[in-house]
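One structure below.
Every read-out reported here was derived from the displayed coordinates using simple, explicitly stated rules and does not represent laboratory data. Only a predicted model underlies this, so the values are computations on that prediction, with no experimental measurement involved. Note that each Cβ is placed from the backbone with ideal geometry, even for glycine, and that neighbours are counted across all protein chains shown.
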Amino acid sequence: MDTRKELIRLEKISRYFKVGTETVKAIQSISLKIYKNEFVALMGASGSGKSTMMNILGCLDTPTSGHYFLNNKDVSQLNDNELAAIRNKEIGFVFQTFNLLPRSTALENVMLPQIYAGVSKVDRNKRATEVLTDVNLEHRMEHKPNELSGGQRQRVAIARALVNSPSLILADEPTGNLDSKTSIEIMGLLEQIHLKGNTVIIVTHEEDIAKHAHRIIGLKDGKIEFDEINKNILTVNNSHIDNVNEN
């Protein structure tokens with residue numbers, strides 16, 4: 001008997017778009033379960049449907065048909081305001097382009113989701129300081145994004161994703177704008193976040209990035225091409241990549 005706790009359940013999810021007179025079937029009748037504390041890579045080339053899938057998993061879009069259960073709640077039929085509340089409480093986003101407010105400090109950027117959640121100023125300052133310290137940016141909290149390196153900006157974005165203690169960390173091409181050395185550092189940080197008990201889903205087209213995940217789901221033409229346990233996990237150890245074989 002499977003004793004794992006289910007976080008995500010997709011039941012025959014499809015998303016179609018009208019483009020002129022054509023109907024684009026971005027994802028087609030996908031059923032899938034993701035469990036708490038999994039580290040999953042959602043992988044596919046451009047046009048595979050992975051961006052559409054990410055938007056649905058992140059409650060940024062709703063399916064044309066089917067059901068999406070997050071923490072046993074059917075979120076596929078919610079309105080925009082209800083979806084916004086779920087996103088703020090349950091999902092921490094990490095984007096390729098960081099999406100930081102340019103005129104706000106690192107601390108202010110990280111506090112933003114807590115403002116929407118109605119957290120008091122004292123409590124949000126305390127919590128934002130904690131998560132920035134967790135990502136080793138306690139010495140850069142008062143700096144604005146243009147005063148930070150690309151890797152530091154992505155660390156701020158990760159801290160912001162963590163600040164409300166969400167059920168799910170959803171990272172969309174998190175190393176796409178970073179050099180290889182910084183990419184390794186960011187993947188190491190995501191590994192640490194997973195080891196602390198968080199559920200992490202990475203959306204990527206890069207095989208080397210996907211190999212850091214414990215489970216890899218491949219999409220092609222809007223369908224699941226494969227869903228497999230990664231037996232050769234790449235882990236970051238002291239800034240080097242080690243190959244760890246799992247039995």
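A few notes on this one:
- The share of C-alpha pairs in the chain whose separation exceeds 26 Å stands at 40 percent.
- When the alpha-carbon atoms of region 1-144 are used, the pair Rg, Dmax equals 18.1, 55 angstrom.
- Region 1-50 versus region 115-138: alpha-carbon centroid distance in Å: 32
- Ordered by the count of other Cβ atoms within 10 Å of each Cβ, fewest first, PHE95, PHE17 give PHE17, PHE95.
- Charge dipole (Cα centre; +1 on Lys/Arg Cβ, -1 on Asp/Glu Cβ; no other charges) of the chain amounts to roughly 540 debye.
- Karplus 3J(HN,Hα) series, Hz, for region 40-50 with 6.51 cos²θ - 1.76 cosθ + 1.60 (x for Gly, Pro): 10, 10, 9, 10, x, 6, 4, x, 6, x, 5
- In straight-distance terms, cross-link reach from LYS144 covers every one of the lysines whose alpha-carbon lies under 17 Å from its own, apart from those fewer than eight places away in the same chain; here that gives an empty set.
- Angle between the chain longest axis and helix 150-162 axis [Cα atoms, degrees, rounded to 10]: 70
- Rounded to 5, the percent of DSSP beta bridges in the chain classed as antiparallel: 60
- A straight Cα-to-Cα reach below 16 Å connects LYS33 with the aspartates and glutamates ASP2, GLU6, GLU11, ASP74, GLU225, ASP227, GLU228, residues fewer than 8 places away in its own chain not being considered.
- The ranking of SER167, SER48, SER180, SER31 by Cβ neighbour count inside 10 Å, starting from the fewest, reads SER180, SER31, SER167, SER48.
- Taking each of LYS12/LYS196; LYS5/LYS196; LYS25/LYS50; LYS18/LYS50 in turn, the alpha-carbon distance tops 20 angstrom for LYS12/LYS196.
- 0 to 90° range, to nearest 10: angle between helix 80-90 axis and the chain longest Cα axis: 60
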